[in-house]
Amino acid sequence: MSAGAAMPRRTSRASTVVIVVLLCWAALAVTVAVVPGISASSGGAVLLAAIVLGLLGAALRPAAAVLLTRVGWAGVLGGWLLGQALLVYVALSVTPGLHVAGFSTVFWASWVYAGLVSAGLWAVTAGQPAMVVRHLLRVNRRARRAATASDVPGVVLIQIDGLSAPLARWALAAGTLPTVARWLREGSHTLVEWHAQLPATTPASQAGLLHGASAEVPAFRWFEKDSGRFVVTNRPRDSALVESRLSDGRGLLADGGVSVSNVFSGDAPTSLLTMSTIGRRGASGRPARYVAVYLLDPFGLTRSLFLTAAEIVKELRQARRQRLRRVRPRTARTASYVLLRGLTNALLRHLNLSIVAEHVMRGAPVVYCDFVDYDEIAHHAGPTRPEALAALEGIDDVLATLEAVALAAPRPYRFVVVSDHGQSQGATFVQRYGTSLEELVQRLSSGPGAAVAADGNDEHAGRARVLRDELVRGAAQPAPDAPVPPRPEIVVAASGNLGLVYLARRPGRVTMEEIEERHPHLLTGLVDHPGVGWIMVRSRRLGPVVLGRAGRRLLRGDRVEGADPLAGFGPAAAADLRRHDELRHTGDIVVNSVYDPVTQEVAAFEDLIGCHGGLGGWQDRPVLIHPRAWPVDGELTGADAVHDQLVRWLERYGERDGLRQATRPNL
């Protein structure tokens, strides 16, 4: 680096130090003024105390994190609750001109001070990541020094959960994704659309993207007749079960990779906040070191809690605005969702960022992280609504921050952005017709003991459980498997606007003919309902058949009789259904909601305004943004095909073992 280039960097660092000192000075002055029992003789004394407090924190926090991690959770939580108070107490006690009544006073003053500093940092850093970047570089400097330098590029894969290709192009034009737009404009990256096969859900796509085995996942939730159990992939126990079926040990992240905040691990040796691996770690009772550092760092949890509270306030305001403006469609934004949005859009996003940044500074060959911010808000507000698009701005800030952090890493890094599916919007099935799919099936079924059991579970509630389990892992033993409840006659599992109906007491795939015999009104009643677009069943004689109100499509031989029930659902609809018919745990009846090609709206069988899982709209049109110099070798149909492409890129340009070229291109 030239002297001319070094001078602006030193000047920038100096200005950052000045800003932080002034901010801490102001926060401490306000704290002294509003908290009884603390007084200062002058503003200069407060400034000196702020400087002493900063120096104490810089000197003692790294060693405290290591020590308290060894003590266990009691040490880390105690350090988080009392550490800042102890530092403030010492700083105020040793600074001339400051007087404190006692430690209890300082304890509450330390939280006031931390909140004010967090608010100030948020105001200062809003819209530019420079201060966050410098903080991440500072806290990871030891990891950087210990890392082995390499000229082989590492790869950071960022999944923007739920972002469709059409909406990505819209967001780029609207200025919502300025970092990605710069990459495309400068020619370093290019954008392609890929097709998410049925079901367009995160677990199915991640089973493909990370393991190349999407056929193991027929929906977000499903029923397995052989065991009599529901499988819901945002439950750690169920996601671990599914990964045990699809993993061959050579997933996308097998060679030294890091999985962060995913459903499945991709066979990564390092797997953090990942649904399928959260229960694997033993009962040591000790927190992960990175969690301890995050808790004890004032730039970490305390700041994230402030931002979480701010996100909750923002959600309440935006929900009220929707009601006052009579925006349609909309759904009730419950208290559990309000809290969940705060967790995913603030605390989890910043924790993910700190984890990814650490492993980039350690020189990890490949890191894959799923950011669910946009998807969670889009489910409840709508995929094209302003609050959902604002979440994309936050993820773009993450990309800008990681790009800057990577410049100081021990190896060059290339960035790939991928989504797992899109979303389609519309009023829910219940809002339109006053009944749920489960109730409709119950009404149409017949025979003694006919019953419907449905399992409802918010998609991203599992993320909160994983975060909780990661924060308290080892503190309690996992609960034993719950006993399997008595098997009902009929089970309905809804995933977005896709429904799987099982005759649960009949083994194997029940044929159309047997369904008509046992429940003569069920198939015709479903097909005739205005909220159902089509259903698929398997005929003993004809094979898989798609039934609509005015015709049917025989998938074996691809013959249409009458009006094509798949008209308007996209050119890949028939191929997707042929594939889905062969999946091991698909329903005896596959139900897809109605789709309006004019408004592009569907009717979710769940309480979601934006949904995915079935056919219709943008939900099966995810995006892949990759280095322009990395060619796409073929058509990207299905997550398995994208997995194969990612593996080839890692073999050609990265550090993955396989058919690597003897001389790797310097790209």
Hydrodynamic radius by Kirkwood, which averages 1/r over all alpha carbon pairs of segment 321-376, in angstrom: 13.7 Å
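Hey, can you rank 557-563, 152-158 by average C-beta count inside 10 Å, highest first?
Values: 557-563: 11.0, 152-158: 22.4.
Descending mean neighbour count gives 152-158, 557-563.
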Around Val510, what is the net charge, scoring Lys/Arg as +1 and Asp/Glu as -1 over all other residues with Cβ under 12 Å from its Cβ? +1
Scoring only Lys, Arg, Asp and Glu (+1, +1, -1, -1) among other residues with Cβ under 13 Å from the Cβ of Phe569 yields -2
For segment 573-639 and segment 196-214, what is the separation of their C-alpha centers, rounded to whole Å? 10 Å
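At a Förster radius of 35 Å, what calculated FRET efficiency corresponds to the Cβ-Cβ distance of Val90 and Ala408, to the nearest 0.05?
On the way: r = 32 Å, r/R0 = 0.92.
The formula returns an efficiency of 0.60 here.
Calculate the FRET efficiency for Phe107 and Arg541 from the Cβ-Cβ distance with a Förster distance of 60 Å, rounded to the nearest 0.05.
Working: r = 76 Å, r/R0 = 1.27.
Computed FRET efficiency for Phe107 and Arg541: 0.20.
Could you please report the charge total around Glu315, scoring K, R as +1 and D, E as -1 over all other residues with beta-carbon less than 11 angstrom from its beta-carbon?
Numbers: positive: Lys314, Arg317, Arg320, Arg321, Arg333, Arg341; negative: Glu311, Glu376, Glu387.
Around Glu315, the charge tally is +3.
Under the 0.36 nm per residue contour assumption, what length would be gained going from the current alpha-carbon distance of Val21 and Leu55 to full extension? Mind dumping the intermediate values first?
On the way: separation 34, 0.36 × 34 = 12.24 nm, distance 1.08 nm.
Additional length available on full extension: 11.2 nm.
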By per-residue mean of other Cβ atoms within 10 Å, what is the highest-first order of 83-89, 418-424? 418-424, 83-89
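Can you tell me how much longer the chain between Ser188 and Arg141 gets when fully stretched, taken as 0.36 nm per residue apart minus their C-alpha distance, in nm with one decimal? Spell out each step's value before the answer.
Numbers: separation 47, 0.36 × 47 = 16.92 nm, distance 2.81 nm.
In short, 14.1 nm is gained.
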In Å², nearest 10: area of Glu514 left accessible to a 1.4 Å probe: 40 Å²
At a probe radius of 1.4 Å, what is the per-residue accessible area of Phe306, in Å² to the nearest 10? 70 Å²
In terms of the charge dipole of segment 558-601, which places +1 on Lys and Arg and -1 on Asp and Glu at the beta carbon, the residue among Leu577, Pro597, Ala563 farthest towards the positive end is Leu577
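Subtract the Cα-Cα distance of Ala63 and Ala567 from 0.36 nm times their separation in residues, and report this length gain in nm to one decimal. Working shown, then result.
On the way: separation 504, 0.36 × 504 = 181.44 nm, distance 6.44 nm.
Once the chain is fully extended between Ala63 and Ala567, it gains 175.0 nm.
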Accessible-area order (highest first, 1.4 angstrom probe) of the listed residues Lys225, Lys314: Lys314, Lys225
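The values are calculated or read from the model by the stated rules, or taken from the named source; none is laboratory data. This one's a predicted model, so the numbers in the text were calculated from it and none came from an experiment. Virtual Cβ from ideal backbone geometry, glycine too; neighbours counted across all protein chains shown. For the accessible areas, the whole protein counts, side chains as well, though only heavy atoms, and no ligand, DNA or RNA atoms are used. Shrake-Rupley method; radii C 1.70, N 1.55, O 1.52, S 1.80 Å.
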